[in-house]
Amino acid sequence: MKNLSVAQCLRDLKSGEPVLDWPTRKRIALGTAQGLDYLHEHCNPKIIHRDVKAANVLLDEDFEAVVGDFGLAQLVDTIKTSVTTQAVRGTHGHIAPEYLSTGRSSEKTDVFGYGIMLLELITGRRAISFEDEEDILLYDYVIKLRRENRLDAIIDPKLNGMYDSQGAEMLIHVALLCTQPSPNRRPAMSDVVHMLERECLAEKWEELQEVQVTNRPTFEIYHLRRNCLKDGESLYIQEAIELSDGR
């Protein structure tokens, strides 16, 4: 693709190259949601991507989003709701908790990955930071800053404050809906498209408020063995899946 991937445009800019502006990021968010909705609802058999992330969203000459890299994709009969695999494949920080713990993937697995991708788009950061002594998940980073009402600290500093605060809050809300621990509580991608078009967000957000974020299961506490695969992909095999509820 002419403009490479979202990840490269966010984090690998060369000197003099323009930063993705806020309207373009919003357009990418909607275009990616529409692409995933097409895979889930308008293909027969439907397609579960299983590795949705900023690096796999490509940008054409007009910076329109194209969902790419179907190396881990799974075809699913339209009458089935999920598929179970022996090995969990994907990229650390993007893998939905239920897929990581059971090997079972569904459209809601992609919804989770989309939510993390959306946080990447908003913050300009990677899904997981290895810079500190402890790995820091982007989700936890955003939740912490949001509780502190530090919207400016969440938004990519490369934007230099050039963004719509109301639109930014909306995208963060959508991302948090998509990354709820329970797949049943995540919206379908068709719902996400409607939310991004400013429909039905309030109702969905009220539902999320009923689920205390502080009480979410500690899905991120895994003992994993990581084997590197080609093209930066990773295979994670869970060593222990006995997880506790939120503490």
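Please arrange 64, 107, 98 by how many other C-beta atoms lie within 10 Å of their C-beta, fewest to most.
With the fewest neighbours first, 64, 107, 98 line up as 64, 98, 107.
List, in the order given, every pair from 53/158; 26/53; 2/53; 14/158; 2/108 whose Cα-Cα distance in the structure shown is over 22 Å.
As for pairs spanning more than 22 Å Cα to Cα, those are 2/108.
At 0.36 nm per residue, and after removing the present C-alpha to C-alpha distance, how many nm does the segment from residue 34 to residue 197 gain when stretched out fully?
57.6 nm
Compare the peptides 149-162, 40-53, 111-124 by average per-residue count of other Cβ atoms within 10 angstrom and give them in order, highest first.
Most protected by this proxy first, the peptides run 111-124, 40-53, 149-162.
Report ³J(HN,Hα) in whole Hz for each residue of the stretch 164-174, in order, from the Karplus equation J = 6.51 cos²θ - 1.76 cosθ + 1.60 where θ = phi - 60°; Gly and Pro get x.
Here the 3J(HN,Hα) series is 8, 4, 5, x, 5, 4, 4, 5, 5, 4, 4 Hz.
Using the Cβ atoms and a cut-off under 11 Å, what net charge is assigned to the surroundings of residue 167, where Lys and Arg are +1 and Asp and Glu are -1?
+1
Using the 10 angstrom Cβ neighbour count as an exposure proxy, how do 189, 170 rank, fewest first?
The fewest-first ordering by Cβ neighbours comes to 170, 189.
What is the distance in Å between the Cα centroid of the stretch 138-156 and that of the stretch 104-122?
Rounded to whole Å, the Cα centres lie 18 Å apart.
Using 0.36 nm per residue, how much length does the chain from residue 11 to residue 188 gain when fully extended, once their Cα-Cα distance is taken away?
That works out to 60.9 nm of additional length.
Read-outs: derived from the displayed coordinates by stated rules, not from any lab. All values derive from a computational prediction rather than experimental measurement. Cβ sites come from the backbone with ideal geometry, for glycine too, and all protein chains shown count toward neighbours.
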